[in-house]
1. Could you list, in sequence order, all residues of region 75-101 that are surrounded by 15 or more Cβ atoms within 10 Å (Cβ to Cβ) and at pLDDT 95 or above?
2. Just checking, which of L291, L259 is closer than 30 Å to Y50 by Cβ, outside the structural domain of L140 (by TED's automatic domain parsing) and surrounded by fewer than 16 Cβ atoms within 10 Å (Cβ to Cβ)?
3. Scan region 240-254 and tell me whether some residue there is touching a helix residue (DSSP H, G or I) at 6+ places or on another chain (Cβ under 8 Å), buried (at least 19 other Cβ atoms within 10 Å of the Cβ) and under 26 Å from Q48 (Cα atoms).
4. Which of the residues that make up region 187-216 are in a helix (DSSP H, G or I) and within 27 Å of S18 (Cα to Cα)?
5. Do you know which residues across region 138-172 are hydrophobic (A, V, I, L, M, F, W, C) and assigned to a helix (DSSP H, G or I)?
6. Collect the residues in region 218-241 that are outside any loop (DSSP other than H, G, I, E, B) and either in the same structural domain as E161 (by TED's automatic domain parsing) or under 25 Å from the mean Cα position of the chain (by Cα) (or both), keeping them in residue-number order.
7. In the list A372, A359, which residue meets the criterion of being surrounded by 15 or more Cβ atoms within 10 Å (Cβ to Cβ) and either under 23 Å from the mean Cα position of the chain (by Cα) or assigned to a helix (DSSP H, G or I) (or both)?
8. When you go through Y9, Y22 one by one, which is the residue that is in a helix (DSSP H, G or I), within 16 Å of the chain's Cα centre (by Cα) and modelled with pLDDT of 95 or more?
Amino acid sequence: MNIAVYSHYFAPEIGAPSARIYDLAQQWLEKNHQVQVITCFPNHPTGQVYPGYKLQRYMYEILDRIEVHRHWTYITPNKGIAKKTLGHISYLPATLLYSNPHISRPDVAIGTSPTFFAAMAAIATGIQRKIPFVMEVRDLWPASFEDLGILTNRQMLALLETLELWMYRRATRIVTVTNEFRNNLIARGVPADKIVTVYNGADIQYWQPQPSPEDLRKKLGLQGKFIVLYIGAHGISQALTTILTSAAQLQPHPEIQFLFVGEGAEKDLLMQRAQEQNLSNVHFHDPVTKLEVQQFYALADICLVPLRDIPLFKFFIPSKMFEIMAMGRPIVASVAGEAATILNRSEGAIVVNPEDADAIARSVLQLYQHQAQRYKMGEQARAFVVNHFSRSLLADQYLEVLHEARQVYHYKRT
């Protein structure tokens, strides 16, 4: 099968969509399928094109056996709604003009959303090539815009929801990354038999427990320290100001140090607040590569998985938690809903309510004081991911959806 995946984000960018597509593609290639990814030039989240790439109309490359079609888009840092929206919109016409003429005939087109425009490009390809369109839902747009306060115009929200539901109707099959997303779509009238949940997971061969990299610890000036790590987007969804409050409460324990790694719209504000509060136990680091992410996880004594306290986020499962568990690292998670259920099942995490700074601080202190508990949690977390959330198992589930989509599509055409 020739699988075309349309995504605004892809390797070497780090983040949930890039990791998901890359890992699934590798599994599909192992089973003798062909994978083409239609995407932008790598620039997320800084808005700077990565070294080794040059922004141009079109570029074709083979990245670890994956065929990648890259095309021009408007590039901007992950800050400011207007410019980000323009960057998202530019994906669609650029795909149709620059990348699509170069792709070899696919058997199925996957459009992963966010953003809507990647999904719309996959719809256009499905119509043009007479192949099924499979929509992957990684976030509930526009509902998340409303809950986060990004968009308040009722007419615009209604227009976007109309577009969202139209795309669901166009899809032969819909893949959601959480079961709660699936339930949400069903409650809004999408037929249950066309929606399948394929969770995020981890490449258990890549994300493996390893010794703490002492050279990195020395480079960061954190020798002999107990490291509490947050790595990922520094945006409005993660409630990282809450973590600063927890860090302030733990200043009487100077061995405990908080390390923030990544970039995002809220990072400047977080750095400013940490400075204003004289948080000597808080450190910030620039975004890192996938290989470096692995090293930072190995460095950490505890990893944090936080989310904002809004009802919609009960539907969300931060994908980083699977990588952390696969690395055998204990988690302090301030999440609710399906993510909390999974982490509690794993017995590899302490789960507290979202944005509960006191509970986060208490949990960090508890694990700092109980080394045996940390080690046991790490072992249980690794075993849980291996048994239930290995990317290879999930890739097989996804392939079943794609085969079914082809059968249904061709049956309806005959």
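The values are calculated or read from the model by the stated rules, or taken from the named source; none is laboratory data. Fair warning: this is a prediction, and the values are worked out from it, not measured in the lab. Here the Cβ positions follow ideal geometry from the backbone for every residue, glycine too, while neighbour counts run over all protein chains shown.
1. Listed by number, the residues that qualify are S90, Y91, L92, A94, T95, L96, Y98, S99, N100.
2. L291
3. Yes: region 240-254 contains one or more residues that are touching a helix residue (DSSP H, G or I) at 6+ places or on another chain (Cβ under 8 Å), buried (at least 19 other Cβ atoms within 10 Å of the Cβ) and under 26 Å from Q48 (Cα atoms).
4. K194, L216
5. A143, F145, M156, L157, A158, L159, L160, L163, L165, W166, M167, listed by residue number.
6. Those that are outside any loop (DSSP other than H, G, I, E, B) and either in the same structural domain as E161 (by TED's automatic domain parsing) or under 25 Å from the mean Cα position of the chain (by Cα) (or both): I227, V228, L229, Y230, I231, L240, T241.
7. Answer to the selection: A359.
8. Y22
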